[in-house]
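The values are calculated or read from the model by the stated rules, or taken from the named source; none is laboratory data. Everything numeric here is computed off the predicted structure, so don't read it as measured data. Methodologically, a virtual Cβ is constructed for each residue, glycine included, from the backbone with ideal geometry; neighbour enumeration extends over all protein chains shown. Areas reflect the complete protein model, heavy atoms only, side chains present, ligands, DNA and RNA absent. Shrake-Rupley method; radii C 1.70, N 1.55, O 1.52, S 1.80 Å.
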Amino acid sequence: MAIILRAEQSRAEQSRAEQSRANGEQSKEAEQSRARKQSRAEQSRAAEQSRAEQSRAEHIDNFRAFGIILMVMGHIGFGRHFDKFIHAFHMPMFFIVSGMFLSIKDEPSIFMKKKVKSLLLPYAFFGLFHYGVWIIQNWPEVDAGPLSHLLFINTDELPLAGALWFLTALFFAEIIYYLICKYVSSGTVQHLVVVAFAAFGCFATTVLPFRLPYALDSALVGVGLMHIGCMYKKHKENLHWIEELKVHEYLILGIITTVLIFVNGYINMRTGSYSIIPLFWINTVLATAVGINLAKYLVTVAPQWLRNYLASMGKNSIVYLCLNQLVILVVSHVLLMLALVSIVIKCLILINSLVGLLVLEKVIMNTKLKAVMGKSL
C-alpha cells in the first residue's frame, strides 16, 4: 500500500513538474512574442520618424530652392514690381531657416572653424575668382576698387557677384546669435539682446554716416530673423499648425501678404532699406509661413524628378548663390542676340541659367572642387 502511495505521489510530482515546465515555456513564448511585437512597433515608429524627418528636410530644401530661383530671377530683372515683391522676403527667409537648424552644442572654437570653412572660404575663393574674371572682362581699364569692396564694404560694387555679401552677413549673424544663445542663460535677456541688435541693424544705415564692413548691419537684422527661426523650432509642438495650413488658407494668407508687401516701401537687406520696419518683420514672417506650406504641398504633388531637382538645389544653394550672376552674364550675352520679345528672352535666360547652374552644381559637389564650398572631401 505504501509503495502504491509513493508511486502516485511520484506521478503527481512529475505531473506538476511537467505542468510547471509547460507553463514556463508558455510564459517564455509569451515574453518572446511581446518582445517581437515591441521590436516591430519600435521599428515602425523609427521608420515613421525617419520618413517624417526626410519629408521635413525635403520641404525645407524645396523652400530654399524657391528662394534661390527668386534670387536668380531678381538678378535677371523681371521688373521693379517683381523686384519689390521678392526683396521683401527672399533673402530674410534664409536667415530664418538658418535659425531653425542652428546648433550650439559645439565649443566656440569648433563652431567658428566650421563657419569659417562653410561661409568665409567660399566668399574669399569666389570673390577673388570673380575679380579675376572682371579684370579679364575690363582689361586694360582695371583698378583695385572692386577688390577693396570685397575686402571691406562688400554690400556694393562687388565684381560680378554682388550676392556674396550674404555669406559674410550670415557668418556674423550665426556667430553673434551663437554667442547669445551660449552665454546668455535667461530667455528674457536673450529676447532683449536680440531685439536690441536687430533694431540697431534696421536703423544703422539711417543713423550712421557710413556702411558697416562685411554687411554687419544686415547681419544684425539677420540675428533677429534667426531668433524667429530658433524660437519656432523650440516651440514647434505648439506652433506646428503653421506648417499645416490648408491650401485655401495659405493662398489667402499669400494674397494678404502680397498686399502688405506693396503697402510697404522698398525692402533690400543688402542696402539696409527696410521702409516701415514693423511691416518688414510681419511680411517676412507671413511670407515664410506661406512659402513653407507651399514647399510642403509640393512634396506631395510634384513629380519625382522635380522634387529631386529642387531638393538638390536647396541642399547646394551656396553653389547657386556664388555663381548665378556669372552664369546669367554668359547666358545673356548669347541669348540677347536673338530678336525676341523681352519677357521671352528673360524666361529663356532663366531656364538656361538654371540648367547651367545645375551642371556646375553636379560638377563641383561631386568632385574635389567641393572643397572650395567648405565641404569635406
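Quick notes on this structure:
- Working note: Karplus 6.51/-1.76/1.60 with θ = phi - 60° gives segment 154-160 the couplings 9, 8, 8, 6, 6, x, 6 Hz, where Gly and Pro are set to x.
- Accessible area per residue for the chain, computed on protein heavy atoms with a 1.4 Å probe, is 54 Å².
- Relative contact order (%) - the chain, alpha-carbon pairs under 8 angstrom, separation at least six: 26 percent
- Residue (of Gln137, Val116, Leu102) at the positive-pole extreme of segment 101-144, dipole from beta-carbon charges: Leu102
- The label point for Thr271 and the one for Lys368, both projected 7 Å from the Cα toward the Cβ, are 4.4 nm apart.
- When exposed loop sites are taken as chymotrypsin sites (Phe, Trp or Tyr not before Pro) in a DSSP loop with at most 14 other Cβ atoms within 10 Å, the longest stretch of the chain clear of them is 1-151.
- Tensor-based shape of segment 294-377 (alpha-carbon gyration tensor, a/c under 1.5 rounded, otherwise prolate or oblate): oblate
- With every protein chain in place, the chain: carbon and sulfur % of accessible area (1.4 Å): 65 percent
- Comparing mean-square fluctuations of Asn138, Asn352, Asn366 from a GNM of the chain with C-alpha springs under 10 Å, the top value falls on Asn138.
- ³J(HN,Hα) computed for each position of segment 224-239 - Karplus, 6.51 cos²θ - 1.76 cosθ + 1.60, integer Hz, glycine/proline x: x, 5, 5, 5, 4, x, 5, 5, 5, 4, 5, 10, 5, 4, 8, 10
- Links that overshoot a 19 Å alpha carbon limit, given the list Lys113/Lys370; Lys117/Lys234; Lys246/Lys296: Lys117/Lys234
- Dipole size of the chain about its Cα centre, with +1 on Lys/Arg Cβ and -1 on Asp/Glu Cβ: approximately 840 debye, rounded to the nearest 20.
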